[in-house]
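In what follows, a structure is listed as structure tokens, so that the remarks can point back to it.
Nothing in this text is a laboratory measurement; each read-out follows from the coordinates by a stated rule. Not measured: the values here are computed from a predicted model. In this analysis, Cβ positions are derived from the backbone assuming ideal geometry, glycine residues included, and neighbour counts consider all displayed protein chains.
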Amino acid sequence: MKSLLFSRFFILLPWVLIVIIMIDVDPRRPAPHLGPHPHFSRYAGGRWGAAPRPGVPRPALLPRDGGPDGGPQRGAEQARNRSQPPPPQPPPPLPTIYAITPTYSRPVQKAELTRLANTFRQVAQLHWILVEDAAGRSELVSRFLARAGLPSTHLHVPTPRRYKRPGLPRATEQRNAGLAWLRQTHRHEPQRPQPGVLFFADDDNTYSLELFQEMRTTRKVSVWPVGLVGGRRYERPLVENGKVVGWYTGWRADRPFAIDMAGFAVSLQVILSNPKAVFKRRGSQPGMQESDFLKQITTVEELEPKANNCTKVLVWHTRTEKVNLANEPKYHLDTVKIEV
Ligand code: UDP
Ligand code: MN
């Protein structure tokens, strides 16, 4: 009799324990979320590492949205269950930075574009408008862009032969082609365009990532110093009480806007509301292009100083040395054909 009771007790014991454990578990508490890489750093999930898809902006340089990993559905449910306030609104869309880059065929072209793409790939929401100074889109640049992993537009326009002379402004037609594309693309939104900022990015300059953070908040036209330009270590707008009052420059300080192409950005809104503003060939000298363009869209009083009141150099007007090809054979000698 005693042994019968004992065996019944031991058979029932595990079941009783299971029931106790189940009652103790709170069914509303979500299981801890184990993502695909639960032990990875905060960069897991492709913040920097994964290759971007064309047209999909990378979130580099930006905090992530911080939404719950369980997705919006589960997030909303949890909030209701605990009667918490609704989740905060998503941040406003990040203004797109449109970088217009004129480029032309020469031995260093692919090297320059590689350096530039390596920089741009680290900037969130950047659209690269690459304009070839050529009669058509070259295979080299087309192939390069296809593999660059950047949202981009590939345009071309040749500089007329008569303007290809030393002492004449460069890349006038190419910058205007970029402007025309921007206006055409946003023609249905002249009053309230998507937030955007335009910047002229020559293919041989050097750009810090901080520069893009600065220019992204451009409301109309923003300005900042440029290093290694105008025969000086740097040029910069002079700022007093948050306003531009003059120019520190070694060359023609009497220009209304004594600034290099790399020293300013313009909001998309300003580009669209001044549809006639372009770079002009007629009567324009090199070094006056920037000033002549800015005169059409803004005033000195309106300029927004960036880079700590124009006291930091975040872009350099570097120029690549002409390569020595003295030993390049006249006719193709190698057994393979290599793109350089
Ligand atoms: N460029 C061009 N066609 C030319 C010469 C220059 O498209 O015949 C481009 C060049 O690739 C660069 C920009 O125009 O993006 C400015 O040219 P460069 O760097 O030679 O001028 P600088 O450094 O003297 O301002
Ligand atoms: Mn240059």
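Candidates 332, 277, 238 compared by Cα position along the dipole of the stretch 192-340: farthest toward the positive end lies 277, with charges placed on Cβ. Taking amide H as placed 1.01 Å from N in the peptide plane, residue 234 has its amide H under 5 Å from the amide H of 228, 229, each at least 5 places away in sequence or on another chain.
Using unit Cβ charges (K, R positive; D, E negative) and no other charged atoms, how large, in debye to the nearest 20, is the dipole of the stretch 156-207 about its Cα centre? Don't skip to the answer; put the middle values down first.
On the way: 9 positive and 5 negative charges, 70 e Å.
The dipole magnitude comes to about 340 debye.
In plain terms, the residue of 105, 138 with the fewest other Cβ atoms within 10 Å comes first and the most crowded comes last, giving 105, 138.
Toward the positive end of the charge dipole of the stretch 175-215, with +1 on the Cβ of Lys and Arg and -1 on the Cβ of Asp and Glu, the farthest Cα among 193, 213, 177 is that of 193. Here the 3J(HN,Hα) profile of the stretch 170-180, calculated from phi with Karplus coefficients 6.51, -1.76 and 1.60 at θ = phi - 60°, is 9, 6, 4, 5, 5, 5, 5, 5, x, 4, 4 Hz, Gly and Pro shown as x.
Rounded if a/c is under 1.5, else prolate if a/b is larger than b/c, else oblate: which is the stretch 117-194, with a ≥ b ≥ c the root eigenvalues of its Cα gyration tensor? Walk me through the numbers on the way to the answer.
Numbers: a/c = 2.05, a/b = 1.23, b/c = 1.66.
Here the stretch 117-194 falls in the oblate category.
Assuming charge only on the beta carbon of Lys and Arg (+1) and of Asp and Glu (-1), the dipole of the stretch 210-329 about its Cα centre is about 240 debye to the nearest 20. Whole-Hz Karplus values for the stretch 310-322 come out as 6, 10, 10, 8, 10, 8, 10, 7, 6, 10, 7, 4, 5 Hz, taken residue by residue from phi with 6.51 cos²θ - 1.76 cosθ + 1.60 and θ = phi - 60°; glycine and proline positions read x. Going by neighbour counts of Cβ atoms within 10 Å, the residues 304, 112, 240 line up, fewest first, as 240, 112, 304.
State to the nearest 20 debye the size of the charge dipole of the stretch 124-166 about its Cα centre, where the only charges are +1 on K and R beta carbons and -1 on D and E beta carbons. Before the final figure, lay out the partial values.
On the way: 7 positive and 3 negative charges, 50 e Å.
Dipole about the Cα centre, nearest 20: 240 debye.
Normalising by residue count, the stretch 242-340 has a Cα convex hull of 215 Å³ per residue.
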